[in-house]
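Data block below; observations after.
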Amino acid sequence: MIRVPFDFGDRTYDVTVGAGARHLLHEVIPATAERAAVVTQEAVPVEVEPGVERKVFTIGAGEAAKTLATVEDLCSRFARFGLTRRDVVVAVGGGVVTDTAGFAAAVYHRGVTVVHVPTTLLGQVDAALGGKTGVNLPEGKNLVGSFWQPGAVLCDTEVLGTLPPREYRSGCGEMAKYHFLGREGEDLEALALEARVARSVEIKASFVVGDERELLDADGAGGRPRACLNYGHTLAHALETAGGYDLRHGEAVAIGLVFAARLAAGLGRIDDARVARHEAVVDSYALDRTLPAGADTGELLALMRRDKKSRGGLSFVLDGPAGVEPVHDVAPAEVEAILKELAS
Ligand code: GLY
């Protein structure tokens with residue numbers, strides 16, 4: 001087992017990565033807990049044993065279940081179960097489960113401990129880490145939520161073997177970004193799965209602990225901007241919001257990474273060899289790196305202007321001589337040219 005600390009002072013917790021990590025649940029729940037509310041979905045084939053009285057609460061499938069109504073329903077069911085502030089919520093599933101259960105835990109009794117057991121690769125390298133919780137509104141994704149750090153995260157690499165191949169590949173798209181966020185010259189491809197997941201977790205921690213609430217825009221005394229974890233996500237979110245493209249999140253991120261690299265090269269920030277490195281990493285995960293057929297570049301440009309990093313113009317996270325960093329006010333013509341290049 002590999003343990004990666006997320007150092008938040010008196011809220012510090014470990015993320016444990018390894019085959020069979022889920023079996024350590026009884027060791028990481030709070031000593032005060034007499035009951036565990038296990039939140040999961042019907043389709044999640046993973047059972048956990050917290051070692052205290054347990055009740056399983058299932059939520060619906062897909063993003064459609066990530067709503068305030070689900071949170072209200074969960075909290076009502078927690079109350080009927082008799083869950084107290086000394087007890088624990090255990091989220092077992094992908095990002096929909098950990099985001100929703102994490103937010104329910106953040107607001108139930110004004111906050112109870114949550115332990116995440118992410119069962120997807122995407123959850124293990126991103127969604128379940130760093131304390132972002134929340135649900136969607138009809139007006140947009142993740143519009144209501146809170147930062148609520150978990151008490152522990154158990155990333156059981158054994159359960160990844162049960163994932164449908166496309167779901168696994170989508171997680172690889174998210175993992176691909178870490179190839180460009182670690183130490184200079186570091187080669188994640190040389191690592192076996194468990195070590196690669198653990199290193200991804202460690203890289204994520206290195207951004208999150210110094211900028212928990214994503215307030216930094218440049219490296220500061222506290223650390224590097226958490227926004228850098230959105231590397232490749234500006235185009236990815238636009239593709240997902242535009243809809244109609246049959247893309248999983250990680251598949252969209254893979255395209256977004258290659259787009260960001262080409263844009264950085266177009267702006268003179270990196271050379272062709274570095275662009276080729278991005279393409280090789282995406283290829284190594286057997287992910288597509290061209291825009292889906294029929295992609296509307298005008299629509300994508302308009303959607304990217306609405307990115308949360310935007311200060312009015314087009315903002316991206318881009319590679320450069322000082323590494324990956326937020327870059328603002330990029331010329332629309334430059335962006336459009338790269339989008340057209342990626343469509344061909
Ligand atoms: N998923 C990006 C973050 O946690 O900040």
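What follows draws every value from the coordinates through simple rules; no lab data is involved. Fair warning: this is a prediction, and the values are worked out from it, not measured in the lab. Positions of Cβ are backbone-derived with ideal geometry, glycine not excepted, and every protein chain shown enters the neighbour counts.
So how far, in whole Å, is the C-alpha centre of the range 55-129 from the one of the range 159-194? Each part reduced to its Cα centre gives a spacing of 25 Å. Remark: Glu167, Glu63, Glu27 ranked as Glu27, Glu63, Glu167, counting other beta-carbon atoms within 10 Å and listing the fewest first.
Which shape class, rounded, prolate or oblate, goes with the range 166-273 when its Cα gyration tensor gives a ≥ b ≥ c as root eigenvalues, a/c under 1.5 marks rounded, and past that a/b bigger than b/c marks prolate? Note, shape of the range 166-273 comes out rounded.
Remark: the Glu34-Asp296 segment gains 88.9 nm on full extension, using 0.36 nm per residue and subtracting the alpha carbon distance.
Every Cα-Cα pair in the range 280-344 was counted, and those over 21 Å apart are 35% of them. With the cut-off at 1.5 for a/c, could you classify the range 113-156 from its C-alpha gyration tensor as rounded, prolate or oblate? Here the range 113-156 falls in the oblate category. Since only Cys228, Thr290, Thr119 are under comparison, the one whose Cα sits farthest along the positive direction of the charge dipole of the chain, derived from C-beta charges on Lys, Arg, Asp and Glu, is Thr119. Legend: ranking of residues Glu139, Glu341 from fewest to most surrounding C-beta atoms inside 10 Å; resulting order Glu139, Glu341. The smallest convex shape that holds all Cα atoms of the chain, its convex hull, gives 127 Å³ per residue.
The Cα trace of the range 99-248 gives Rg and Dmax of 15.7, 47 Å, the first to one decimal, the second as a whole number. Of all DSSP bridge pairs formed entirely within the range 1-152, close to 35 percent run antiparallel. According to the square roots a ≥ b ≥ c of the eigenvalues of the Cα gyration tensor, what is the shape class of the range 19-78, taking rounded for a/c under 1.5, prolate for a/b larger than b/c otherwise, and oblate for the remainder? In terms of gyration-tensor shape, oblate. With bins 10 Å wide beginning at 0, the percent of Cα pairs of the range 1-144 falling in each bin runs 12, 46, 36, 7, 0. For Glu53, nonlocal amide neighbours, meaning residues 5 or more places apart or on other chains whose placed amide H falls under 5 Å from its own, are Ala36. Here the Karplus curve 6.51 cos²θ - 1.76 cosθ + 1.60, taken at θ = phi - 60°, turns the phi angles of the range 74-87 into couplings of 4, 4, 4, 5, 4, 4, 5, 6, x, 5, 10, 5, 7, 8 Hz, with x standing for Gly and Pro.
Can you compute the helix-only [θ] at 222 nm over the chain? Use -39500 (n - 2.57) per DSSP H run of at least 4 residues, normalise by all residues, nearest 500 deg cm²/dmol. List each step's numbers first, then the result.
Working: 10 runs with 121 residues, N = 344.
Only helices count here, giving -11000 deg cm²/dmol.
In this simple spin-label model, placing a label point 7 Å from the Cα along the Cα-to-Cβ direction at both Ala64 and Arg183 gives a separation of 4.8 nm.
FRET efficiency for Glu279 and Asp73, Cβ-Cβ distance as r, R0 = 41 Å, nearest 0.05? Write down the numbers at each step before the final one.
Working: r = 45 Å, r/R0 = 1.09.
Result of the calculation: an efficiency of 0.35.
With each label modelled as a point 7 angstrom along the Cα→C-beta vector, the Ser206-Ala337 pair spans 3.3 nm.
Fewest first, what order do Met304, Met1 take by the number of other Cβ atoms within 10 Å?
Met1, Met304
Computed 3J(HN,Hα) for the range 293-303, one whole-Hz value per residue from the Karplus formula 6.51 cos²θ - 1.76 cosθ + 1.60 where θ = phi - 60°, is 4, x, 4, 9, 4, x, 5, 5, 4, 4, 5, glycine and proline marked x.
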